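Enquirer: The structure's right below; bear with me while I get my questions together.
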Amino acid sequence: MPSSSETINASAAGTWKLGDLTINRVGFGAMRLTQDGAAFRKGDSGDRNRALGVLRRALELGVNHIDTAAFYFSPLRSANELINSALAPYADHLAITTKVGPGRDPSGAWTWATPEQLRGQVEENLRQLGRDHLDVVNLRIASSHGSKPVAEHFGALADLREAGLIRHLGISNTSPEQLAEAQGIAPVVCVQNMYGIGSPAEHHALLRSCGDQGIAFVPFFAIAGAGREGGASSAESEEVLTVARAHGVTPAQVRLAWTLHQGPHVLAIPGTGNPDHLVDNVAAGALRLSDQDLTLLAS
């Protein structure tokens, strides 16, 4: 890994394709932009100018894949509005991925869209981002719907793709059976699932299956793990700490690097509202783990 005095570009981890969109494998997740502390918790909205600066700095560091959603908002901030304000007019090489299915009312309470309501969610993202089409839209499946059919919801998004509102489709929080069902309706360019060090065998199997099919696999909570929206725990495994010490990096960088080592089709979308953490996250794409490191982390 280059010395800390060098600025590392997101291209250090290589590229992959979302459909016809070539992107650097280290991207940026917008979930934490809107609020100081953990996302979706009650608290103070994050500093607007700092959030705008983080987004602009991400592009300076070579990030050309941003993951967002209309339901990423705090009392005073909207991730989509911040992205629009910071980055529009958008660079041709920038891919913005969003997701639909979940929604939040003004109080923050969660709702789930019917197939007929998905167009309204897509149009909401279009308005907030100031776009005439969305690069990639993921159908986010509720955790309680792990065995339910997705044909009606995915079919509604496929119709919007045919209408030109969406360029590419993905699926999130999916099972292998739901992925196969969606693929029978329209091409799927990415799977966005929870994944990281310590994930169970079936998660590894789905990641490998996506690689075999040329589908991008985009883990969420790769750093936070079981902490989920609350963020990473201050307690860290001795294996991660050992590898971090050996390379002179942070545990979060080890977790990101490990994720990227799982296959050339694996993309990272770490999120932060902290400009220093942004630089660290991008730099993790240049961290090369040895076979000994990977064996230790697998234990």
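Since every read-out is calculated from the coordinates, none of them should be taken as a lab result. Quick caveat, the model's predicted, so the values are computed rather than measured. Cβ sites come from the backbone with ideal geometry, for glycine too, and all protein chains shown count toward neighbours.
Enquirer: What is the spin-label model distance, in nm, from GLN117 to SER209 if the labels are put 7 Å beyond Cα along the C-beta direction?
Expert: 2.9 nm
Enquirer: Now for a different question. Debye calculation, C-alpha points only, no solvent: report log10 I(q)/I(0) for the chain at q = 0.08 Å⁻¹, in the same order as the q values.
Expert: So the normalised log intensities work out to -0.32.
Enquirer: Taking only the alpha-carbon atoms of segment 55-178, what semi-axes of the equivalent ellipsoid follow from 5 times the gyration tensor eigenvalues under a square root, in whole Å, largest first? Spell out each step's value before the answer.
Expert: Values: eigenvalues 119, 57, 38 Å².
In descending order, the three semi-axes are 24, 17, 14 Å.
Enquirer: Something else: Using 1/(1 + (r/R0)^6) with R0 = 22 angstrom and r between the beta carbons of LEU52 and ASP20, what's the FRET efficiency to the nearest 0.05? Walk me through the numbers on the way to the answer.
Expert: Details: r = 29 Å, r/R0 = 1.33.
That pair, LEU52 with ASP20, gives E of 0.15.
Enquirer: May I ask for the Kirkwood hydrodynamic radius of segment 107-155, worked out over all distinct Cα pairs and given in angstroms to one decimal?
Expert: On the way: mean 1/r = 0.0808 Å⁻¹.
Result for segment 107-155, one decimal place: 12.4 Å.
Enquirer: Hey, got a sec? Which trypsin sites (Lys or Arg not before Pro) in segment 39-115 land in a DSSP loop and have at most 13 other Cβ atoms within 10 Å? Let's see the in-between values first.
Expert: Numbers: sites: ARG41, LYS42, ARG48, ARG50, ARG56, ARG57, ARG77, LYS99, ARG104; in loops: ARG41, LYS42, ARG77.
Filter output for segment 39-115: ARG41, LYS42.
Enquirer: Let me ask something else about it. Hey, what did the chain get for relative contact order, percent, Cα under 8 Å, at least 6 apart? Before the final figure, lay out the partial values.
Expert: Numbers: 578 pairs, mean separation 62.7, N = 299.
Relative contact order, the chain: 21 percent.
Enquirer: Run the numbers for SER144 and LEU241: contour at 0.36 nm per residue of separation, minus the present Cα-Cα distance, in nm. Write down the numbers at each step before the final one.
Expert: Details: separation 97, 0.36 × 97 = 34.92 nm, distance 3.42 nm.
Gain on stretching SER144 to LEU241: 31.5 nm.
Enquirer: Treating only the Cβ atoms of Lys and Arg (+1) and Asp and Glu (-1) as charged, compute the dipole magnitude of the chain about its Cα centre; round to the nearest 20 debye. Kindly include the intermediate steps, with their values, before the conclusion.
Expert: Values: 24 positive and 30 negative charges, 75 e Å.
Once rounded to the nearest 20, the dipole reads 360 debye.
Enquirer: Turning to a different aspect of this structure: Nearest 5 percent is fine: what portion of the DSSP beta bridges confined to segment 32-182 is antiparallel?
Expert: Numbers: 5 of 18 bridges.
Restricted to segment 32-182, the bridges split so that about 30 percent are antiparallel.
Enquirer: Calculate, axis by axis, the spread of Cα positions in segment 126-267 along the three principal axes, and write the results as whole Å, longest axis first.
Expert: Result, largest extent first: 52, 35, 28 Å.
Enquirer: Hey, another quick one. What angle, in degrees between 0 and 90 and rounded to the nearest 10, separates the Cα long axis of helix 251-260 from the longest principal axis of the Cα atoms of the chain?
Expert: So the inclination is approximately 60 degrees.
Enquirer: What is the set of long-range amide H partners of PHE220 at a cut-off below 5 Å, with H atoms built 1.01 Å from backbone N?
Expert: ASN193, MET194, TYR195
Enquirer: Spelling out what I want: for every residue of segment 164-179, take phi, set θ = phi - 60°, compute 6.51 cos²θ - 1.76 cosθ + 1.60 (Karplus), and round to whole Hz; glycine and proline get x.
Expert: Per residue, the Karplus-derived 3J(HN,Hα) values read x, 7, 10, 8, 9, 10, x, 9, 10, 6, 9, 9, x, 5, 5, 4 Hz.
Enquirer: Given the rule -39500 (n - 2.57) for each run of at least 4 DSSP H residues, summed and divided by the residues of the chain, what is its mean residue ellipticity at 222 nm, to the nearest 500 deg cm²/dmol?
Expert: Values: 10 runs with 104 residues, N = 299.
So the calculated ellipticity at 222 nm is -10500 deg cm²/dmol.
Enquirer: Where both residues lie in the chain, what percent of DSSP beta bridges are antiparallel, nearest 5?
Expert: 25 percent
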